[in-house]
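The values are calculated or read from the model by the stated rules, or taken from the named source; none is laboratory data. What you are looking at is a predicted structure, and each value in this text was computed from that prediction instead of being measured. With ideal geometry, Cβ positions are generated from the backbone for all residues, glycine too; neighbour counts draw on all protein chains shown.
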Amino acid sequence: MGILGRDPGSAVSRVVFLDRDGVINRAVLRDRLPTPPRSVQDLEVLPGVPQALASLKAAGFLLVVVTNQPDVARGTQTREAVESINAELRRMLPLDVFKVCYHDDRDHCACRKPAPGLILEAARELDADLSRCYMVGDRWKDIEAGQRAGTTAILVENDYPEKKPGSPAATVRSLAEAADWILAREKVQQ
């Protein structure tokens with residue numbers, strides 16, 4: 001059985017991969033750069049997210065969160081706090097799977113975005129066809145990871161003072177707009 005209780009041979013071809021902080025929940029800005037909430041008490045789901053996720057689920061997509069959480073490796077956050085936040089998001093929202101990279105850049109792992117490891121691992125476990133999947137993120141690392149994995153990558157623009165992503169398939173202002181774009185594109189392709 002796969003991670004969602006499916007037989008490994010039954011193909012699940014449609015997945016929306018989602019960055020967490022800045023896409024699903026409000027990122028905390030420090031020096032104008034996004035950082036995760038410190039605890040469940042600091043967690044704030046962004047407007048329109050529950051409805052956007054419900055629309056994607058109703059269209060048959062699995063929803064997989066792929067998130068870098070380097071503060072654990074840096075010693076400024078605990079794994080337990082990250083897992084508590086993820087558990088609360090799962091309780092509140094129709095999210096299927098969480099894939100977390102707890103490494104920092106110096107670890108040179110295959111899972112820390114912009115590397116596509118988290119996406120590739122989930123796709124293998126779900127028997128997903130990456131060419132029919134989407135990655136929604138708010139940073140260049142998310143877009144590059146999605147593109148390297150073979151998904152259609154969508155940028156939620158937040159104007160962070162950092163490197164800009166190269167050629168996302170779409171640039172939107174929210175997960176709600178990303179969901180609308182995905183659903184419209186899927187209708188055209190049918």
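Points worth noting:
- A single member of 96, 105, 138 is acidic (Asp, Glu) and surrounded by fewer than 17 Cβ atoms within 10 Å (Cβ to Cβ), and it is 105.
- Considering residues of region 88-105 that are part of a helix (DSSP H, G or I) and touching a helix residue (DSSP H, G or I) at 6+ places or on another chain (Cβ under 8 Å) only, the residue farthest from residue 59 (Cα to Cα): 88
- Tally, over region 111-127, of residues that are over 12 Å from residue 101 (Cα atoms), assigned to a loop (DSSP other than H, G, I, E, B) and modelled with pLDDT of 95 or more: 0
- Exactly one residue among 170, 128, 149 is under 26 Å from residue 32 (Cα atoms) and among the hydrophobic types (A, V, I, L, M, F, W, C), and that residue is 170.
- Note on region 118-135: among residues that are touching a residue at least 40 places away in the same chain (Cβ under 8 Å) and in contact with a Cys (Cβ under 9 Å, 6 or more places away or on another chain), the one that is surrounded by the fewest Cβ atoms within 10 Å (Cβ to Cβ) is 123.
- Residue list for region 54-86, restricted to those being more than 24 Å from residue 111 (Cα to Cα) and not in a loop (DSSP other than H, G, I, E, B): 54, 55, 56, 57, 58
- Residues of region 163-178 satisfying the condition of being assigned to a loop (DSSP other than H, G, I, E, B) and either more than 12 Å from residue 49 (Cα to Cα) or free of Cβ contacts under 8 Å to residues at least 40 places away in the same chain (or both): 163, 164, 165, 166, 167, 168, 169, 173
- Residues in region 39-59 that are over 17 Å from the mean Cα position of the chain (by Cα) and either buried (at least 16 other Cβ atoms within 10 Å of the Cβ) or small (Gly, Ala, Ser) (or both): 39, 58, 59.
- Residue within region 59-75 that is at negative phi and free of Cβ contacts under 8 Å to residues at least 12 places away in the same chain present: no
- Among the residues of region 73-108, the one identified as more than 17 Å from the chain's Cα centre (by Cα), within 17 Å of residue 43 (Cα to Cα) and of a type in the set (A, V, I, L, M, F, W, C) is 81.
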